[in-house]
Amino acid sequence: MRKAFILAFLLFTFEFLQAQKKPLDHTVYDSWQSIGERMISNDGKWVVYTINVQEGDNELVIQSTDTIENKRIFPRGYNAVITEDNRFAVFKIKPFFKDTRDARIKKKRPDDMPKDSFAIVELGSYKTIKLPRVKTFKTPKEGEGWIAYHQDKTVDSVRTRTTAPANNDKKVIDSLKKKIDSLVQLVNQPPPAPSKKKKNKDNEEIEDMQYATGNDADGDETPGAAADAGTDLVLRKTDNGSEKIFKNVVEYFFDEKGHKLLVRTAKNPRDSLSKPLVFLHNLRIGVTDTLSRGGNDFKNFAFSEDGSQVAYVAERDSSAKALQKYYKLWYFKEGMDSAKLLVDKNTVGMKIGMTVSEFGNLSFSKSGKRLFFGVTPIQPPRDTTLVDFETAKLDIWNYKDDYLQTVQLNRLQIDSRQSFLTVYHFENGTLKQLASKELPNVIQTNEGDGETFVGVTDFGRRIEGQWTGNTVDDIYAINPVTGEKKLVKEKLKGQVYPSSTGKYIMWYDRPAKSYFVWDGITTKNITAKIKVPLWDEEFDTPDDPTPYGVMRWIEGDSVVFIYDRYDVWKVNVDGSGAKLFTLNGRKDKRSYRYVQTNPDERALKPDSRILYRVTDNIGKGSGLQYVDYKNPGTIRIFAKPGIFTTGFPAKAKSVDKLFYTKESYAASPDVYVSSGMNDASDIKLSSTNPQQKDYNWGTAELFTWKAYTGKMNQGVLYKPENFDPKKKYPMICYFYETHTDQLHSYIPPSPTPSRLNISFFVSRGYIVFSPDIHYGTGHPAKDCYNHVVSGARALVKAGFVDSTRIGIQGQSWGGIQVAQLVTMTKLFKAAWAGAPVANMTSAYGGIRWESGVTRQFQYEKSQSRIGATLWEKPNLYIENSPLFHLPKVTTPMVIMSNDADGAVPWYQGIEMFTAMRRLGKQVWMLTYNGEAHNLVERRNRKDIQIREQQFFDWLLKGEKPAKWITEGVPAVKKGKEWGLELVD
């Protein structure tokens, strides 16, 4: 009797506490936390991570992994680095969110906006140095002992400016005042010159390189066009805190080892005789060499790996108003007095009509024996005799063009800056142009030192990409010394995987469903004997399936590791065979995927240990484990797959210690550290969102039923934390392709881009159901019906879903399927469709404005899954277009269709709305001005969450509707009223 009483009391107490929990509301969003950047020191003793809020001030945490209570919190810290010697954490500090917001309200100039600060924290003692108004900082990638930070303009220099205030307001497209001009292009222009600054009066050592001694670089006597004024760069030695200041700095770079500091300065704005400089400061001996003095522009700086060589491009000879400007390649090596001119348009080996590109990337090969840069055709000078208002403005579409005009206009900046890879060989002083208009893409091998590079081109075959979505490529082997090119594979539909050294060229052929290797002479199918699919087993669009991909090459290139759905195969590239490298993945339904913890890794070493992220395809959890390359059966578990998902980890460089996140639907993401000895070594370091315990949260589980296809199917079922199986709940079905892999993903309450705010609705007493949808070809509407409607009715049979209170919500592809379903069933009482296509026949030839491509490929080869042209099977386009079936609709529906949608044309929403309105259906449309396919601006995201709740609460809970639902908001009241108030 006593035990029964105690049990009853505990049950009553639990239910009482559950009843006291609050439902989530729209005020909780801003303070909800997430884990942001994270890193671990090389010795594994310290971690740094940020805890971000959705809107407001974040926190940066520095924490010991040995004693987790040993930590410090730095408000608003971000962009952190732990120095290579494990001694310091260096980071920036944002201004207070409130201060920035107030400044935006007051429309302050950029120079007057609150600025970032900078902090250096000694690990262990937490001794902290904070400095105001710092733009950027850098530390050497592998070296130690130095930090450089670039200061913003001083307050005094900002106050002296005389320029007019800038208009910082974003230009917004208004659907009622929209104007489209295909010629209007956003091409980046050089920034306006910053305001001058006063001379620094501090007592620290200041080096003004304007008067440094030493010989100038060749060709430095230039007209000296007006240059941007730089600001102070401070070089700090970490062991004693001494600092050196360089004036008027624009750019700066450490070499990889931390032995050199390369600096570009502007003219001193207070000295008419000064010139821009490029100089190199030797950190070991404190000596500074001037590489170039004078010039109009310097850019694309590159160090060799050992820091002994420097290269950059510069334009040094033109007047400010010159109609043609030529960039040249400059080079410096230790022992030289200054940089020398290495390559210009007249250099032997440069093709006629070509010159050095200002936009091409510069890089040295790993050995430093080769220098890569870009060349570009010389452009004719602008014709200044043309009168702008007397010349026609039009776009000319030609059926022979590689790309549609809309694509060309979208690519205008890319194409105008296109450059072709060229190599300079230091051993013999020759250069070879490797890429060209006909062969634009060249892949370097062996970190630039390979004997064979790989060229990839779709030249001459780009038109068909309009309807296929992809093009076939020709693959070439390129000799980087002679420039000779050899055709290896013609018309490849697939992916190319050069070996790490370039000895082999491997590719996956999608139609053949196999990997092939070219060894310099012959081509072999190296996976023909593997009996399991190496391609996506669940691929369900009308095209050849894509591969699971390649894990890594082994050092020396004799073996390549290739994925199937679950396992990794060790494949000999000579074609002699392949064997499983992982154990029982397919049998246990666990997928193994390699985690690269060394960013510089190019190939696996034979003595390496391999870190996998392991996913349980049945329970949907994921974990981490190590295996030894030589003995793959030897396993060290860091985190077993369970009722959580594990984020990708960071690894300490010197020890086996991992730093990663874990989460589940019920548990907010937190950071953990583990040395992988056993499960107990998994140590939790953070505790985000403690306020969640005060709210009615929820649970996530897999729900299994038989779909109308006759096959078993699954979906994720979200229930309120206080779920009572005896009650009848309203339910919202939310879907987009498949979702069950996200079973253990945490879903914070957040104003979404237009997806369903799942945790919000669950907290407020809704069941949310997210079913997987599996498609065939030609009937996507029917496929959606077979999975969604069957699942919803199966849940009604389970007894806790009210069949008269079911809604549906979807965005993009989910949006069109929402619009389709309401024409096929009366099951749903409320529908919300974000960015739906109403009419496949008109959308087929429409444009995706974000890229300029036409939508044809989506229907023939991709997500829309028609699998035929509009002329071949017009009946399928009509069958799957909601517009043609709208007379059957009985469900009230809200459409979101934005006037700057770059994926689904805005007119699709208008077609849907006007047709339903013509038919007398209950329909509303929300058009967010200037917004994209998915909402970007947070203010709009917040707005749509409120409206979505009001809509579903009205129809599924019987609550009062909002004014925008019952009356709307006339255009004359736009910006004055929003219609969010509830009405009787």
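Solvent exposure of the range 61-106 amounts to 54 Å² per residue of accessible area, where only protein heavy atoms count and the probe is 1.4 Å. Which one, 834, 935, 291, projects farthest toward the positive side of the charge dipole computed for the chain from Cβ point charges (K/R +1, D/E -1)? Comparing the listed Cα positions along the dipole, 834 ranks first. Which residue, chosen from 795, 756, 875, occupies the Cα position most advanced towards the positive end of the dipole of the range 695-973, where the dipole is computed from +1 (Lys, Arg) and -1 (Asp, Glu) charges on Cβ about the Cα centre? The one lying farthest along the dipole's positive direction is 795. When the solvent-accessible area of the range 695-973 is split by element, carbon and sulfur atoms take up 52 percent of it, the probe being 1.4 Å. Set the Förster distance to 35 Å, then compute FRET efficiency between residue 537 and residue 841 from the Cβ-Cβ distance, nearest 0.05. The pair residue 537/residue 841 has a calculated efficiency of 0.60. Local charge sum around residue 261 (other residues, Cβ-Cβ under 10 Å, Lys/Arg +1, Asp/Glu -1)? Computed value for this residue: +2.
For a straight C-alpha distance cut-off of 18 angstrom, the aspartates and glutamates reachable from residue 340 (same-chain residues fewer than eight places away being disregarded) are 216, 218, 220, 221, 289, 297, 315, 317, 358, 427. Applying the criteria of a DSSP loop state and at most 14 other Cβ atoms within 10 Å to the chymotrypsin sites (Phe, Trp or Tyr not before Pro) of the range 58-150 yields 96, 126. Would you mind telling me the antiparallel percentage of the DSSP bridges in the chain, rounded to 5? Just about 85 percent of them are antiparallel. The ratio of the alpha-carbon radius of gyration of the range 609-694 to the globular-protein estimate 2.2 N^0.38 Å is 1.14. Considering Cα pairs under 8 angstrom that are at least six residues apart, work out the relative contact order of the chain and quote it in whole percent. It comes to 7 percent, rounded to a whole number. Only protein atoms count toward the accessible area here, which uses a 1.4 Å probe; on the range 609-694, the carbon and sulfur part of that area reaches 56 percent. Per residue, the convex hull spanned by the Cα atoms of the range 476-522 measures out at 76 cubic angstrom.
In this structure the range 769-840 gives 23 Å² per residue of accessible area when probed at 1.4 Å with all protein chains present. With K and R counted +1 and D and E -1, the other residues having a Cβ less than 10 Å from that of residue 141 yield a net charge of -3. Put 129, 895, 847 in order of accessible area, highest first, and with a 1.4 Å probe you get 129, 847, 895.
In straight-distance terms, cross-link reach from residue 726 covers every one of the lysines whose alpha-carbon lies under 25 Å from its own, apart from those fewer than eight places away in the same chain; here that gives 21, 22, 693, 706, 797, 829, 957.
Annotation for the range 635-733: GluC sites (Glu not before Pro) lying in DSSP loop with at most 16 further Cβ atoms inside 10 Å of their Cβ are 721.
Computed over protein heavy atoms with a 1.4 Å probe, the carbon and sulfur contribution to the accessible area of the range 293-451 reaches 49%. Note on the chain: the alpha carbon radius of gyration divided by the globular reference 2.2 N^0.38 Å gives 1.04. Think of each Lys and Arg Cβ as +1 and each Asp and Glu Cβ as -1; about the Cα centre, that makes the dipole of the range 609-694 roughly 300 debye. Longer than 20 Å from Cα to Cα, which of 351/432; 135/321; 782/888; 513/579; 328/485; 432/524 are they? Say none if no pair is. Going by Cα-Cα distance, 135/321; 328/485; 432/524 fall outside the 20 Å limit. Each Lys and Arg contributes +1 and each Asp and Glu -1, all at the Cβ; summed about the Cα centre of the chain, the dipole is approximately 2380 debye. Positive end of the dipole of the range 695-973 (Cβ unit charges, origin at the Cα centre): among 900, 703, 887, the Cα lying farthest that way belongs to 887.
Once the 1.4 Å probe is applied to the protein heavy atoms, the range 368-436 comes out at 63 Å² accessible per residue. Rounded to the nearest 20 debye, the dipole magnitude of the range 858-903 is 180 debye, with +1 charges on Lys and Arg beta carbons, -1 on Asp and Glu beta carbons, and the Cα centre as origin.
The values are calculated or read from the model by the stated rules, or taken from the named source; none is laboratory data. What you see is a predicted model, and the numbers here were worked out from it, not measured in a lab. We place every Cβ from the backbone using ideal geometry, glycine too, and count neighbours over all the protein chains shown. Ligands, DNA and RNA are stripped out before the accessible areas are found, and what is left, the full protein with its side chains, is counted by its heavy atoms. Shrake-Rupley method; radii C 1.70, N 1.55, O 1.52, S 1.80 Å.
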